[in-house]
Amino acid sequence: MMKVLLVDDSKVMRQIQRRSLEGFGFTDIVEAGDGVEGLQQMAGSPKPDIVILDWNMPRLDGLSTLRKIRETDKKTIVIMCTTEAEKPRVVEAVKAGVTNYIVKPFTPSVLQEKLDETLTRMGLSMPTAQ
């Protein structure tokens, strides 16, 4: 069973993502309201297998959070959420070690597609929806 960490300062966005993930069959989902909380969750046990990380957040933004994660962890799947206007910044995220990215706003089917594509590339598969 894969553990997913949602890091976004928007509670509504986290709820939408959580509902989508539950619909795809993920059951172990934790949330963080910013990068600082996200890093605290990463330090927990068991560590998340997948992190869905918002770019723009107070205290610690997504790119800084990604860099901190990659200092000690090269394996965890990190998918960054960015707006269309920030697309040029994706290159920066790729250099920092992001696994994939998704452009906001996105539909549940786009999220599922990105997760499936990313997991397949990593030799993993989506959970079976109940």
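The values are calculated or read from the model by the stated rules, or taken from the named source; none is laboratory data. Note that the structure is predicted; figures quoted are calculated from it, not measured. Note: ideal-geometry Cβ built from the backbone for every residue, glycine included; neighbour counts use all protein chains shown.
In summary, Asp9 fulfils each of the numbered conditions (1) part of a loop (DSSP other than H, G, I, E, B); (2) at pLDDT below 95; (3) within 24 Å of Thr83 (Cβ to Cβ) with the single exception of condition (2). Among the residues examined, Asp61 does not qualify as farther than 21 Å from Met1 by Cβ, touching a residue at least 40 places away in the same chain (Cβ under 8 Å), in contact with a helix residue (DSSP H, G or I) (Cβ under 9 Å, 6 or more places away or on another chain) and charged (D, E, K, R).
A single entry from Val51, Val90 fulfils the requirement of being touching a strand residue (DSSP E or B) at 6+ places or on another chain (Cβ under 6 Å), without any contact (Cβ under 8 Å) to a residue 60 or more places away in the chain, part of a helix (DSSP H, G or I) and under 22 Å from Ser20 (Cβ atoms): Val90. Which is at pLDDT 95 or above, assigned to a strand (DSSP E or B), at negative phi and of a type in the set (Val, Ile, Thr), of Val36, Val30? Just one listed residue meets the conditions, Val30. Restricting the stretch 39-53 to residues that are modelled with pLDDT of 95 or more and farther than 21 Å from Leu124 by Cβ leaves a set whose member that is surrounded by the most Cβ atoms within 10 Å (Cβ to Cβ) is Leu39.
Close Cβ contacts (under 6 Å, 6 or more residues apart or on different chains) running from residues in the stretch 105-126 that are acidic (Asp, Glu) to residues that are surrounded by 14 or more Cβ atoms within 10 Å (Cβ to Cβ) comprise Asp116/Met126. Here Leu66 fits the description: within 18 Å of Leu115 (Cβ to Cβ), part of a helix (DSSP H, G or I) and touching a helix residue (DSSP H, G or I) at 6+ places or on another chain (Cβ under 8 Å).
Candidates are the residues of the stretch 14-28 that are among the charged types (D, E, K, R) and within 13 Å of the chain's Cα centre (by Cα); the one that is farthest from Gly38 (Cα to Cα) is Arg18.
Taken as a whole, the condition of being surrounded by fewer than 18 Cβ atoms within 10 Å (Cβ to Cβ), within 17 Å of Gln41 (Cα to Cα) and free of Cβ contacts under 8 Å to residues at least 24 places away in the same chain does not apply to Glu84. When Thr82, Thr65 are checked against the criterion of being within 18 Å of Ser10 (Cβ to Cβ) and modelled with pLDDT of 95 or more, a single residue qualifies: Thr65.
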